[in-house]
Each structure stands twice: as C-alpha cells, then as structure tokens.
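The values are calculated or read from the model by the stated rules, or taken from the named source; none is laboratory data. Keep in mind that what you see is a predicted model, and the values were worked out from it rather than measured. Backbone-built Cβ (ideal geometry, glycine too); neighbour counts: all protein chains shown. What goes into the accessible areas is simple: the full protein's heavy atoms, side chains included, and nothing from ligands, DNA or RNA. Shrake-Rupley method; radii C 1.70, N 1.55, O 1.52, S 1.80 Å.
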Amino acid sequence: MKRTKIVDVLQSTEYGKEVCVKGWVRSHRGNKNVDFVALNDGSTIKNVQVVADPTKFDEELLKQITTGACICATGTLVESQGAGQASEIQAKELVVYGLCDSTYPMQKKGQTFEYMRQHAHMRLRTNTFGAVMRIRHNMAMAIHTYFHEHGFFYFHTPLITASDCEGAGNMFQVTTKNLYDLKKDDEGKIIYDDDFFGEQTSLTVSGQLEGELGATALGAIYTFGPTFRAENSNTPRHLAEFWMIEPEVAFLDQEELMDLEEDFIKYCVRWALDNCKDDLQFLNQMIDKTLIARLEGVLKDTFVRLPYTEGINILQEAIKNGKKFEFPCNWGDDLASEHERYLVEEHFKKPVIMTDYPRAFKSFYMKQNEPADESAGTEASVGYKGAVAPGPTMQGTDVLFPQIGEIIGGSVREESYDKLMAEIKRRDMDMTHLWWYIDTRRWGSCPHAGFGLGFERLILFVTGMQNIRDVIPFPRTPKSAEF
C-alpha cells in the first residue's frame, strides 16, 4: 500500500479510510489490553498515534517496537478517543524495518544540547532538531522567494579564491601540494608554481566582491552559499563553515539599502510565522517562551536608524548612569556584542540599523561620507541629531537584533576609481589578486550597495536557539569536523 506522510494523515478527516504510515517510534506504551505507539516521519513536529490490540499481534513483534525503531503501520484512520490529537490509526498490520536497542543515544529523556552535539548524526531525529531543520528549510525558501519576487538574479560565486575579501576573516588554504615536501624559495616562502591553480588559493570568506561584478551587469543579484572562516573561536555565535546571503544592487543609495535590509528580514520573519506555526509553538514552549512574541514584535516595529556617533553617545550616557560594560565604547571603537544588545534590548527595545561607522575599522570598499565642515579643515562627519563625529565615517548599515547583536552587515560601495585607489593607498594594501575588482571602477562604474546575512544567525533568531552549532546539521568548529 502507498505510504501517506504523517503531516497529511493528521490533516485528513477521511475517517474509515485505510492508510499506511512509516516512520520512527517516539514512544511505545501499553498494557495487556492496548498498545499506543507515537510515530513520527519528520514531515511535522506532531506524532500520529498508532493504536494496536496486543491480542492481534505477535508479542515478540510488539517488543521490537522500541523508541527509535523504524516501522510501517497500516490501519484505519479513526477519530481519536483521547485528548491531544484529532485522529489516530487503528493498526491492522505492523512491520519493523529497523530495530533500536537500549544503546540508542536519543532515548526519551532529557539530554543536554552539548550531549546531542556529540551525537549529531542522531540528534536530527529529536523533536527539537526536527523543528529547527524544518524552519531552516523554510527560511531558505523564503530567501529565494523574496529575491525572485523582487527581480534579483541568483548568482553563484566561487568557493575557491585567490583573494581574501580584505580582512573578512582568516582563510582555509586549498592545495594539492605534498605538505611533507614543500618547495620554498631562498626566503623560505612556499612556491606555488606547481600547485593545482599555480598560485595560493583558499576557501572563500565571502562572495561579495564577485557579487559586485554581477550587480554591475545584471542590476540586482544575490548569492546564497557556504563560506569558510578559519578563526579559532569557540563562542556560541561562530562557525568555521556557515552559509551567507549576499545581495548586491546597482543604483542603490544608503537609505534604499536600509529599506531593503528591513523589508527582507521582515519578509523572512513573516514567512516563518505563516509557514512554521507548529514548530514555532513547540520551540516557544520548550526553548524560549518569548520567541513568538519577539518575532511578532519585529514585524510591528520600524527599525531604528542610528548613526554610530549617536550610538556611542547613548552608550557613554548609560555608563555615566551606572551601566557597566566589559569592553570600552569610545568613539573609534568597534562595538562589542554587549554594546549592540544594550542598544537593541534595553535602550530602544527594537531592532536597530547602525550607520556611518568610523573608517578605521571598516573595509576599504565602503563609500566614505563627505566631511562635515571642510572650511574648518576637519574630517568630521555629521551624525544623528547633529552629533558630530570626530573623524571620517563610512556608509555602513549594520542591522542589530535582540539576543543576536549584528545579524546583517552592509554598506554602500565606493564607486569612484580615484577615491577607491586613494583608500587602498592610504591602507598600503596589496591588490595583486584584486586587479579585476579595480577594473569595475575603471570601466562603467555605477553607484551600488549590498549586505551580507549569516544564515545561521537568522535561524538562531527565528528558532530561539542559543548556540549556533544547534541550527546547522553538522557544525564545523575548532577541533571538530566529525559527521
């Protein structure tokens, strides 16, 4: 008989119809009069209850139906006599596909997330990780749908690159060379002439620079793929392998970029609320009881647009009033997560788009704001409510979210060849491998802007999970590349 997915069985009211379901046992309880098997096939957070008369089945067969076992159940769909479900299946035939003994690591008892990370190959079968992975799928669908509906083209950028996107993160090297017999020159530097690509290459930390090329040809593109950063970081917010969404748009200014960032993120949150109700309700109950209210709050609120200079003023005022931070927050400091979360969670109590960062810690390709008072001979920039920055600022647009901190990093890109080259010279950068990027400013340059969204950080926010290792199927972190 053809299998019916459990999500479809639970929505059906065709009582009296014979159905066949297949899945993994969540629990099995019973007595001499009746057996109850909770079965799940991954199509929904909910289980279907299979009711079996023990007098009609072999005793040894019923003993094999343990937590984690894979079975097929055929029977009649009926209205449920118990609370908690509208329908159930009166079993006529039970077949065990895969046995599961007491050593199964995901037994029906409380396990820590750290324990489950050690068994990542099995944790996907739990309710929590099933919910997270279904939401992850839905967020991917939301992203593709949003950009498709808004006229963006899906653009594939290389995973192997000779450029480093200028400081976006430490890189994993890609080579076919024999690491036990490396050729070196007189200065002790490795010679790559005989390597596969003939030069030093690495896994990409970002597809942005190549994405800019796509935007200057197609108008609006987005990338969505894996990126890699070899940072020895064991925080709950960092992975060595993660997924990035990076749209780039021609003829977009700073205000329009912020509009795009806010509209995009709200679209994704709305999609989750509309399409992942059961999974979100489960996570709201089991993981974070404020989850759904927080997601709904994002849709209600207009994001605050806050220049960095005014943000520093707010933080320093908070310090004067007794607020203590671990890290300093003077003008020119790169804000720490604690500063970002204070602004979002305590001061404004809504998402914030921070803009106009100091040039010192932003990338070379960002567009620099015009000086506020050229007649005074300063490089100051005017910020929010007239606050004057004591140094040059860049047109960055970073979206800060509650519990996450930075979830989007974006900017207007510098389109002027002369200004870009002046910044490169000022930073004394080696552009050997980025000559092609400079060419975009030499020939037919245009104003453009874009941002990068870490997919796993979006999933963290939408699911309420607390560790980024728990929103990707198989996390890659320092000293961990199993499964």
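Only one of the numbered conditions (1) part of a loop (DSSP other than H, G, I, E, B); (2) open to solvent by 30 Å² or more (accessible area, probe 1.4 Å); (3) more than 18 Å from Ser337 (Cα to Cα); (4) not hydrophobic (A, V, I, L, M, F, W, C) is not met by His433, and that is (1). Of all the residues in the range 63-95, those that are among the aliphatic types (A, V, I, L, M) and buried (at least 17 other Cβ atoms within 10 Å of the Cβ) number 8. The strands (runs of 3 or more DSSP E) falling completely within the range 169-259 that include 1 or more residues that are loosely packed, with under 15 Cβ neighbours inside 10 Å and out of contact with any Cys (no Cβ under 7 Å at 6 or more places or on another chain) map to 220-228.
Do the conditions hold for Asp58, that is, is it acidic (Asp, Glu), open to solvent by 90 Å² or more (accessible area, probe 1.4 Å) and either more than 40 Å from the chain's Cα centre (by Cα) or more than 30 Å from Gln285 (Cα to Cα) (or both)?
Details: acidic (Asp, Glu): yes; open to solvent by 90 Å² or more (accessible area, probe 1.4 Å): yes; either more than 40 Å from the chain's Cα centre (by Cα) or more than 30 Å from Gln285 (Cα to Cα) (or both): yes.
In short, yes.
Take the residues in the range 436-473 that are assigned to a helix (DSSP H, G or I) and of a type in the set (S, T, N, Q); name whichever of them is most open to solvent (accessible area, probe 1.4 Å). Reasoning before the result, please.
Kept after step one, since they are assigned to a helix (DSSP H, G or I), are these residues of the range 436-473: 436-442, 455-463, 468-470.
Checking which are of a type in the set (S, T, N, Q) leaves us with 440, 463.
On the way: Thr440: 22, Thr463: 0 Å².
Within the range 436-473, the match that is most open to solvent (accessible area, probe 1.4 Å) is Thr440.
If you go through the range 306-327 and keep only what is of a type outside the set (A, V, I, L, M, F, W, C) and surrounded by fewer than 16 Cβ atoms within 10 Å (Cβ to Cβ), you end up with Gln316, Glu317, Lys320, Asn321, Gly322, Lys323, Lys324, Glu326. Of everything listed in (1) modelled with pLDDT under 90; (2) touching a helix residue (DSSP H, G or I) at 6+ places or on another chain (Cβ under 8 Å); (3) surrounded by fewer than 20 Cβ atoms within 10 Å (Cβ to Cβ), the single unmet condition for Asp334 is (1).
Out of the range 137-168, which residues are in a loop (DSSP other than H, G, I, E, B), under 23 Å from Thr204 (Cα atoms) and under 25 Å from the mean Cα position of the chain (by Cα)?
Of everything in the range 137-168, those that are in a loop (DSSP other than H, G, I, E, B), under 23 Å from Thr204 (Cα atoms) and under 25 Å from the mean Cα position of the chain (by Cα) turn out to be Phe152, Phe155, His156, Thr157, Pro158, Leu159, Ser163, Asp164, Cys165, Glu166, Gly167, Ala168.
Sort out which residues of the range 108-126 are within 24 Å of Val7 (Cα to Cα) and either open to solvent by 50 Å² or more (accessible area, probe 1.4 Å) or assigned to a strand (DSSP E or B) (or both), and write them in order of number. Spell out the reasoning first.
Step one: of the range 108-126, the residues within 24 Å of Val7 (Cα to Cα) are 108, 121-126.
If the condition is that a residue be within 24 Å of Val7 (Cα to Cα) and either open to solvent by 50 Å² or more (accessible area, probe 1.4 Å) or assigned to a strand (DSSP E or B) (or both), then Lys108, His121, Leu124, Arg125 are the ones that fit.
If the condition is being under 24 Å from Lys266 (Cα atoms) and in contact with an Asp or Glu (Cβ under 6 Å, 6 or more places away or on another chain), then the range 300-337 contributes Phe303, Pro307, Tyr308.
Residue-by-condition table, conditions (1) more than 21 Å from Ala220 (Cβ to Cβ); (2) modelled with pLDDT of 95 or more:
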| residue | (1), (2) |
| --- | --- |
| Thr397 | no, yes |
| Ile404 | yes, no |
| Thr432 | yes, no |
| Arg441 | no, yes |
| Val462 | yes, yes |
| Ile472 | yes, yes |
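Return yes or no: is Glu296 in a helix (DSSP H, G or I), open to solvent by 50 Å² or more (accessible area, probe 1.4 Å), at pLDDT 95 or above and farther than 15 Å from Met465 by Cβ? So Glu296 fits the description; yes.
Answer yes or no as to whether Leu94 is assigned to a strand (DSSP E or B), touching a residue at least 24 places away in the same chain (Cβ under 8 Å), over 22 Å from Thr128 (Cβ atoms) and aliphatic (A, V, I, L, M). Working first, answer last.
Values: assigned to a strand (DSSP E or B): yes; touching a residue at least 24 places away in the same chain (Cβ under 8 Å): yes; over 22 Å from Thr128 (Cβ atoms): yes; aliphatic (A, V, I, L, M): yes.
Here the answer is yes, as Leu94 does meet what is asked.
Asn47 meets the conditions (1) over 26 Å from Thr128 (Cβ atoms); (2) of a type in the set (S, T, N, Q); (3) open to solvent by 30 Å² or more (accessible area, probe 1.4 Å) in every case but one. The failed one is (1).
Residues considered: Ala91, Ala69, Ala52. Of these, the only one that is hydrophobic (A, V, I, L, M, F, W, C), under 22 Å from Leu124 (Cα atoms) and touching a strand residue (DSSP E or B) at 6+ places or on another chain (Cβ under 7 Å) is Ala69. Across the range 11-44, which residue is least open to solvent (accessible area, probe 1.4 Å) among those that are out of contact with any strand residue (DSSP E or B) (no Cβ under 8 Å at 6 or more places or on another chain) and of a type outside the set (Val, Ile, Thr)? Result: Ser43.
List every residue pair whose Cβ atoms sit under 8 Å apart, with the two residues 6 or more apart in sequence or on different chains, where the first one lies in the range 454-472 and is on the phi > 0 side of the Ramachandran plot and the second, anywhere, is open to solvent by less than 10 Å² (accessible area, probe 1.4 Å). The qualifying pairs are Gly464/Leu283; Gly464/Leu291.
In the range 402-430, the residue that is nearest to Arg341 (Cα to Cα) out of those that are of a type in the set (D, E, K, R) and assigned to a loop (DSSP other than H, G, I, E, B) is Glu414. Taking interchain pairs and intrachain pairs at least six residues apart, which have beta carbon atoms under 8 angstrom, with the first residue in the range 133-152 and open to solvent by less than 20 Å² (accessible area, probe 1.4 Å) and the second among the charged types (D, E, K, R) and at pLDDT 95 or above? Within 8 Å, the pairs are Ile135/Asp279.
If you filter the range 284-293 down to residues that are aliphatic (A, V, I, L, M) and open to solvent by 20 Å² or more (accessible area, probe 1.4 Å), you find that the one that is farthest from Pro390 (Cα to Cα) is Met286. Tell me whether the range 435-448 contains one or more residues that are of a type in the set (A, V, I, L, M), more than 30 Å from Val298 (Cα to Cα) and touching a residue at least 12 places away in the same chain (Cβ under 8 Å). Yes: one or more hits. Could you list, in sequence order, the residues of the range 193-216 that are over 24 Å from the mean Cα position of the chain (by Cα) and closer than 28 Å to Leu239 by Cβ? If the condition is that a residue be over 24 Å from the mean Cα position of the chain (by Cα) and closer than 28 Å to Leu239 by Cβ, then Asp195, Phe196, Phe197, Glu199, Gln200, Thr201, Leu213 are the ones that fit.
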